[in-house]
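Written below as structure tokens is the structure these notes are about.
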Amino acid sequence: MNNWLNIIQNKCLPSRCMFCGQPGLGDMDLCPACLNELPRNASCCYRCAEPFASPMPAPQLCGRCLTKPPGFDETHAPYLYDDGLRFLITRLKFNRQFKHARLLGTLLARYLADNVELAECIIPVPLHPKRYRERGFNQSIEIARHLAEQLALPMDVDSCMRHRDTAHQTDLAAKQRRRNMRQAFSVKHAPAYRHVAIVDDVMTTGATAAALAETLRKQGVSRVDVWVCARAGSI
């Protein structure tokens, strides 16, 4: 019901900024001023998107990715998980505000279209069936749906599954997160693509994306990128 109400609102009412209520920019529910205030992840490790303390003149790897490279090749996270992005993501995830998925997908799509080599297919991070039943939806799929439409890319929600009901990552340290995600995913059938992008809402340590990327590589995928709306500081 909430999804249908959001669809009707998007079709019939003019866009309004979700933060200040001013007219939106085109069909985005975000005004130019609030868009400019969103915290950009302007200087970061090109593999895991962890922000650098100071700007770098050229693409660089962080120390963690130099010593222990993750299973994915690149991460693209245009914003920092702070203030506005936290509001958009948490309201989608915990309050079923599906219109936030549309805005998040649009922001991510516009960044990717201008800055990256697009993958052949996008794969939203799957939820365990138990978690899906509790929540009633997968926020990564909701974001990826708009992303796929705007970038004209196929979305694969059938190849991968989360077969272990892992503990919530929120209160876990980095090593615990990596241990928590070991063998959490499996592939029902190998994707028919060599270059795929994993889509999620936010990345903190990259443990979830790394586990899924390693699973995909074992099935013959040669390049795995990660596309997320925001990057949180690693813990």
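Side notes on the structure shown:
- One residue stands out among those in the stretch 182-206 that are free of Cβ contacts under 8 Å to residues at least 60 places away in the same chain and in a strand (DSSP E or B): the one that is surrounded by the most Cβ atoms within 10 Å (Cβ to Cβ), which is F185.
- Filtered by the rule that a residue be surrounded by 14 or more Cβ atoms within 10 Å (Cβ to Cβ) and farther than 15 Å from G233 by Cα, the stretch 62-90 gives P70, G71, F72, D73, E74, G84, F87, L88, I89, T90.
- The residues listed here are R223, R145, R178; of these, the one that is among the charged types (D, E, K, R) and modelled with pLDDT under 95 is R178.
- In this entry, H146 is excluded by the filter for residues that are under 18 Å from L38 (Cα atoms), of a type outside the set (G, A, S) and under 15 Å from the mean Cα position of the chain (by Cα).
- Every residue from the stretch 91-112 that is open to solvent by 70 Å² or more (accessible area, probe 1.4 Å) and either aliphatic (A, V, I, L, M) or over 18 Å from Y81 (Cβ atoms) (or both): R96, R110
- Among the residues of the stretch 4-17, those identified as at pLDDT below 95 and either outside any helix (DSSP H, G or I) or open to solvent by 30 Å² or more (accessible area, probe 1.4 Å) (or both) are W4, L5, I7, I8, Q9, N10, K11, C12, L13, P14, S15, R16.
- Tabulated pairs, the stretch 87-110, first within 20 Å of P14 (Cβ to Cβ) and β-branched (V, I, T), second in a helix (DSSP H, G or I) and open to solvent by less than 50 Å² (accessible area, probe 1.4 Å), C-beta under 9 angstrom, 6+ apart or interchain: T106/H146; T106/L147
- Filtered residues of the stretch 120-155 (kept if among the hydrophobic types (A, V, I, L, M, F, W, C) and farther than 21 Å from N41 by Cα): C121, I122, I123, V125, L127, F137, I141, A148, L151, A152, L153, M155
- Of the residues making up the stretch 96-132, those that are in a strand (DSSP E or B) and in contact with a Leu (Cβ under 7 Å, 6 or more places away or on another chain) are C121, I122.
- In the stretch 20-58, residue modelled with the highest pLDDT [restricted to those that are open to solvent by 80 Å² or more (accessible area, probe 1.4 Å), part of a loop (DSSP other than H, G, I, E, B) and under 25 Å from N95 (Cα atoms)]: Q22
The values are calculated or read from the model by the stated rules, or taken from the named source; none is laboratory data. Predicted model only: the values in this text are computed from it and were never measured. So basically every Cβ, Gly included, is an ideal-geometry build from the backbone, and we count neighbours across all protein chains shown. All accessible areas refer to the heavy atoms of the entire protein, side chains included, with ligands and DNA or RNA removed. Shrake-Rupley method; radii C 1.70, N 1.55, O 1.52, S 1.80 Å.
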